[in-house]
Amino acid sequence: QCQLNGLWRNDQGSLMEISVLGDSGDFQGQYLTQVTLSGVCAQISPLKGAQQQLGEEGWPTFAFTVRWDKFSNATTAFVGQCFVDAGGKETLTTMWLLREAVGSLEEDWKATR
């Protein structure tokens with residue numbers, strides 16, 4: 001079974017640590033991105049999410065959000081699934097949407113990536 005808690009590294013070198021995984025599937029942790037919109041040095045940002053609870057078999061789905069408020073006026077929502085290969089290696093696959101604050105409704109078109 002795939003376990004979300006622990007330290008994860010993505011293809012870009014960003015780090016995510018899920019340190020609290022509750023019995024209900026709720027979790028929290030922190031994210032250190034290596035990719036920033038502002039070009040400013042990234043800082044650790046809080047994350048909160050939930051994992052779909054499954055039985056002993058199956059690969060859980062999950063979702064979480066990261067607030068980049070320490071260096072950017074943006075929030076990212078991630079959704080994904082956790083897998084374990086035949087060798088026991090755990091892998092998270094995710095998709096994300098980033099929403100950056102804009103100054104007006106007319107600029108809304110460029111706010112989501």
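The values are calculated or read from the model by the stated rules, or taken from the named source; none is laboratory data. No experiment lies behind these values; they were computed from the predicted model shown. Just so you know, the surface numbers come from the protein's heavy atoms only, side chains and all, with ligands and any DNA or RNA stripped out. Shrake-Rupley method; radii C 1.70, N 1.55, O 1.52, S 1.80 Å.
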Discussion item. How large a share of the accessible area of the chain, in percent, is made up of carbon and sulfur atoms when the probe is 1.4 Å and the other protein chains stay in place?
Written reply: 51
Practice prompt. Please tell me the relative contact order of the range 6-110 in percent, rounded to the nearest whole number, where contacts are Cα pairs under 8 Å and at least six residues apart.
Written response: 15
Fill in: Bins of 10 Å, starting at 0 and running to the largest distance - Cα pair percent for the chain
13, 43, 29, 12, 2, 0
Worksheet, complete the sentence: For the range 44-50, Karplus-derived ³J(HN,Hα) couplings (6.51, -1.76, 1.60; θ = phi - 60°; whole Hz; x for glycine and proline) come out as 5, 10, x, 10, 9, x, 8
Worksheet item: Among the lysines, which fall within straight-line cross-link reach of Lys110, defined as a Cα-Cα distance under 27 Å, with same-chain neighbours fewer than 8 residues apart omitted?
Response: Lys48, Lys70
Discussion item. Taking θ = phi - 60°, what integer Hz values does the Karplus form 6.51 cos²θ - 1.76 cosθ + 1.60 yield along the range 5-16, in sequence order, with x for Gly and Pro?
Written reply: 5, x, 9, 10, 10, 9, 5, 8, x, 6, 10, 10
Worksheet item: From the phi of every residue in the range 76-91, what ³J(HN,Hα) in whole Hz does the Karplus formula 6.51 cos²θ - 1.76 cosθ + 1.60 yield, where θ is phi - 60° and glycine or proline is x?
Response: 10, 10, 10, 10, x, 9, 9, 10, 10, 7, 4, x, x, 6, 8, 9
